[in-house]
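Here is the structure we will look at, set down as structure tokens.
The values are calculated or read from the model by the stated rules, or taken from the named source; none is laboratory data. If you're wondering where the values come from, they're calculated on a predicted model, not measured in any experiment. Note that each Cβ is placed from the backbone with ideal geometry, even for glycine, and that neighbours are counted across all protein chains shown.
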């Protein structure tokens, strides 16, 4: 039966099973300082100790390029997904060596390959600073003033924390404004590539299999963090589990879910359904087609565009799944009913009464947002100028301007405590390909013209009487900001040098910036701040209603999810939770070994040596979303049993509502990883290091009680 | 240098060279009953005789599936492009035999493969019926009444002509309403496939090379028309030229350009730039991505989707080129200046005075169009229901309804004179793949929801409480209209049977049709009719200004273009007009023989036998556009020297304005075709039949004077 039919049926079935009620499901992306103790105790008779939580928290690693990972040895070895590592692999690749396609393996530590701009973060401490933040914002302040005051206090808290501890310090907005927590991270910026398999097995099945199950992917990649040019000594790292997870076993996922919108009001979700998702999909599809046509011209073009291309097709498929959920009346009805419940409760319980006006305030803010949606996204969000040169030039200009102001008054990304990370990215030695950037810029200038209209003053000024294609070529050929030395000297030279520069891209961003900043200010005052205030009230009401058992929407900060290893039913048939290494060969044969179903040479040669029964991928009910890629999957003993790399297609609505009827998190199994490392890649030194962790990990000491 | 840079530069250069003045260029898609005699005499000292014109006119063939062709033997052999024939090839293909990929060769006539629904037309006679049509429409009539009266008189003229001559009779609207000509066609519906090369050489270079030059494509396909189960005897067919066209030689193109918009006012073009082109591109890109993801799942999926996929990527590239022109201020300025000239002339010359108000009337009609653009396109145009089942079901419903009315009152496509062609298509035995159609329908229902909004009454009614994906599956699984016997019995059963049917798709179209018809009526009265009246005045003014030397915009009817075989300059370098067969092998090697730059096995094996110096493709300055694909290219002696298959990227603005600075028509050379037929394919019987034409063609008797 065609897949699309099954999907429709699947979606219908699962719509009946959604629930906002967490008590009887494996729902939740929980805070480490507010873990779901009650639920875990009731459902699984498991009580994590404080040591267990601390150990897991500090074993988890955030990839600031967008993903999760974990420490897997005391010598700083980090495991993540191949598709999370791909950003670094792409930046280390050349026309001669395509590390994404070919893979990489440093047989000895001196061969480990230093990444150009990767920053890893480990969450060390959490402080609740809600009171401090809220104290700075008086109820009587108008939105503009409140926004300014809130920004000031956040910038200052972070600066003070950084000065005091030396740790990266971020105030994180939780519950869309209901709480503020200060997160202190240990930061690693000397990160080296240790091992990556070939893309053909890491992303086996390609776009067709992405977000599908069963799967057969070795989506892993190993890095090592260094300090003072030596492998960093790590206290908390995860013990390798040889057996891996078993059927129905309770597992945990410690990772960094990027974003969910489960607290959103119905108006807000309708805005997504009618405006943001369709618009973003139009943008994604045009970029996908643009990169595909660029890549089809030659193998080198394809190599240059591949990481961007993967990211875009991946987002396109995820967004399509999300939109399918938003366009499904049965799903929206779940949200409507839930909101009706909230409003009903608010009308009778004085403690909740603010929730009602808050729902209306969200609607008003969303209406403001709708008005400025394209202008803001194109001019301030920068989607009308989709070229690295533009973003570099604007960062140079704003860095010079903002660092001339007191810390409290700066745009958030230029706050004192963030400057080191910002510069790590700004001065990256990653290659920039002019030909690719011209194609991207040209398409986005054309989109700018379409969406704002050819007569819009900003469009007229940007195009300067030229066609988008011609103007894109002129801008890229007329700028030197792709050169890192030039970038550094401009940054050091300060505002005067940038203002005097004749560089074509710098001139463009100078010309645009007053309007872009105005839009930013408008957005912050009329959309962001009102939404924050309104959601703080809604979150408060939900807190009261759930007696505190509620987790905040995802914010690309560390969360703990849990669930069971468990298959699911599809069209009446059981999909088992496991696949095996042997299944990969069968899957390739069923697709006549044609790309993206073509196994790499190394796997074809090693088939005889492998135990084909070894578990390869598995699914669980853990509550994950994009950003969780690379998260460790652990058992009660905090042993590493797998690594998250995907969700199935039924999980794509998890952005808005949790379901474990069919929605599943997809992981690579620890046994499959070990089998491949030893037998396909002869990466015994990596395998040995992973297995050595059994003896040394601090985790073994902090085993939780059952 | 990256291609995009060159393109930008190229576009800039050519913008300076546009002109609406035809006197000194090879511009024009001329009517056979108003050929550019003066220009041809002045520029080329060539005077076509009436016999020459009649011979060429009746040698040209229109493919109603969308393309051009020509008779190349007295036994009904027809040559067209592979990509024009692909629609028929796809419909004859199965999972076991993919005729598009593998090609086809009937060694003997009894092996020729009957197409399922192809109709070919040959233009036999033209009558100017402008007076009759205009006489029926009184100046004092309101637009609605005028539209009705005009439709009635056109339907009646056609019916009378059909009854009298037995020929397919179409009243063609020329100069956007300035003239009406009655075209009588001989119609062939028994069309059989004779020869097709493999797609790998027919579309060598694929999407990357599409609309590019130099090229190396054997984009040809041969069919034969039959009458009474025997090869039709053809009086007018083209003589094969062994030598083919030479440098700077004058050549003619007799074909069916689909659509141009050169007469359009600036307001109208701005509407295209701001609304229709961006919207159509969004639709094309989403369909491209949808079909690609469907096709990537398996080879059989790819085969099922391939012809649709080609059509969509081809349109996407063409539309992108068109939009690039519309977004180029220097090109729009040419149109603005030209309009200013017209208005200036109108203000001083009483004969032209109506042109001024007409320009305003166009603006008003375009404003009406903008208002209803999405609703009309989605609900009446059917783009919200992108599945064959929908279009079949609606045709069945409307056929039953319309044929119950007097001919004069029917929607144009159901007029008596068109019913035979309509049924040829409606009862086609072409395969319909439910899985593919569900995916297409699902995506278009999602687009319908996005563009009209989830709360739009039509959307609510269409989705019936389901998600787009679920509803698409229900509709396709609940209809029997894909079955041809069912279709026929429904058509024979009349309106009652269709109204009583419980078929899911028939129920949907019944429910939608009142609103769709209302939109159609609104469009015809508020957009189509006012535009027609306004453009009739503008055309009249242009006639006066040019003293009759003006051709109408393209309408997928037969036109004569002319030009020279001529290279062009790109970034200061000469691009020669020719490529050779040997160049194909070099081009493949330069792209490491990877698809779409992989030559088929037959070509790799035959390399040694081929004369690698044989001309393969060439360019000329002839004025062509989409629809011209497959048009014969002939010399002064009406000998066939090549076949049009593409325009270069600089020609993509020809929709709005002609340029021969760099814009070129791209053809396959007759010598290249002959070389491949004999040496690669051993298709000697086809080659012999082509060469035999030298002795027998009626064309040799009607040679024009120099």
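Residues of region A:298-311 that are facing chain B (nearest Cβ under 10 Å) and in contact (Cβ under 8 Å) with a residue 24 or more places away in the chain: A:301 alone.
Scanning region B:428-443 for residues that are over 17 Å from residue B:300 (Cβ atoms) and assigned to a helix (DSSP H, G or I) yields B:441, B:442, B:443.
Would you check if there is a residue in region A:384-392 being assigned to a loop (DSSP other than H, G, I, E, B) and surrounded by fewer than 18 Cβ atoms within 10 Å (Cβ to Cβ)? Within region A:384-392, not a single residue is assigned to a loop (DSSP other than H, G, I, E, B) and surrounded by fewer than 18 Cβ atoms within 10 Å (Cβ to Cβ).
Set side by side, the residues A:455, A:437, A:450 differ, and just one is touching a helix residue (DSSP H, G or I) at 6+ places or on another chain (Cβ under 9 Å), outside the structural domain of residue A:64 (by TED's automatic domain parsing) and at pLDDT below 95, which is A:455.
Exactly one residue out of B:186, B:233 is surrounded by fewer than 22 Cβ atoms within 10 Å (Cβ to Cβ), at pLDDT 95 or above and not in a loop (DSSP other than H, G, I, E, B), and it is B:186.
Among residues of region B:537-552 being part of a loop (DSSP other than H, G, I, E, B) and under 21 Å from residue B:133 (Cβ atoms), the one that is nearest to the chain's Cα centre (by Cα) is B:552. Set side by side, the residues B:417, B:446 differ, and just one is in contact with a strand residue (DSSP E or B) (Cβ under 8 Å, 6 or more places away or on another chain) and either assigned to a helix (DSSP H, G or I) or within 10 Å of chain A (Cβ to nearest Cβ) (or both), which is B:417. Comparison of B:461, B:430 shows that the only residue that is farther than 20 Å from residue B:400 by Cβ, within 14 Å of chain A (Cβ to nearest Cβ) and either touching a residue at least 12 places away in the same chain (Cβ under 8 Å) or surrounded by fewer than 23 Cβ atoms within 10 Å (Cβ to Cβ) (or both) is B:461. Filtering region A:322-333 to residues that are surrounded by fewer than 20 Cβ atoms within 10 Å (Cβ to Cβ) and closer than 18 Å to residue A:652 by Cβ leaves A:329, A:330. Out of all the residues in region B:449-458, which are more than 7 Å from chain A (Cβ to nearest Cβ) and in a loop (DSSP other than H, G, I, E, B)? The answer is B:455, B:456.
For region B:464-487, a residue qualifies if it is more than 9 Å from chain A (Cβ to nearest Cβ) and in contact (Cβ under 8 Å) with a residue 40 or more places away in the chain, and the qualifying residues are B:475, B:479, B:481, B:482, B:484, B:487.
For region B:260-274, a residue qualifies if it is assigned to a helix (DSSP H, G or I) and either facing chain A (nearest Cβ under 9 Å) or out of contact with any helix residue (DSSP H, G or I) (no Cβ under 7 Å at 6 or more places or on another chain) (or both), and the qualifying residues are B:270, B:273, B:274. With the requirement that a residue be more than 9 Å from chain B (Cβ to nearest Cβ) and more than 30 Å from residue B:590 (Cα to Cα), what does region A:280-297 give you? Matches in region A:280-297: A:280, A:283. Quick check on my filter: what residues within region A:123-152 are in a helix (DSSP H, G or I), touching a helix residue (DSSP H, G or I) at 6+ places or on another chain (Cβ under 7 Å) and touching a residue at least 24 places away in the same chain (Cβ under 8 Å)? Residues satisfying the conditions are A:132, A:133, A:143, A:144, A:146, A:147, A:150, A:151, A:152. Has region B:462-475 got at least one residue that is outside any helix (DSSP H, G or I) and out of contact with any helix residue (DSSP H, G or I) (no Cβ under 8 Å at 6 or more places or on another chain)? No: region B:462-475 contains no residue that is outside any helix (DSSP H, G or I) and out of contact with any helix residue (DSSP H, G or I) (no Cβ under 8 Å at 6 or more places or on another chain). Scanning region B:146-157 for residues that are touching a strand residue (DSSP E or B) at 6+ places or on another chain (Cβ under 8 Å) and not assigned by TED's automatic domain parsing to the domain that holds residue B:633 turns up at least one hit.
Just one of the numbered conditions (1) modelled with pLDDT under 95; (2) within 14 Å of another protein chain (Cβ to nearest Cβ); (3) under 24 Å from the mean Cα position of the chain (by Cα) is not true of residue B:330: (3). Taking the criterion of being out of contact with any strand residue (DSSP E or B) (no Cβ under 6 Å at 6 or more places or on another chain) and in a strand (DSSP E or B), no residue of region B:72-90 qualifies. Number of residues in region A:333-352 that are closer than 30 Å to residue B:443 by Cβ and either touching a residue at least 60 places away in the same chain (Cβ under 8 Å) or within 14 Å of another protein chain (Cβ to nearest Cβ) (or both): the value is 6. Filtering region A:236-259 to residues that are under 30 Å from residue A:327 (Cβ atoms) and surrounded by 24 or more Cβ atoms within 10 Å (Cβ to Cβ) leaves A:253, A:255, A:256, A:257. Considering region A:487-536, the residues that are part of a loop (DSSP other than H, G, I, E, B) and either surrounded by 17 or more Cβ atoms within 10 Å (Cβ to Cβ) or modelled with pLDDT under 95 (or both) include one that is nearest to the chain's Cα centre (by Cα), namely A:503.
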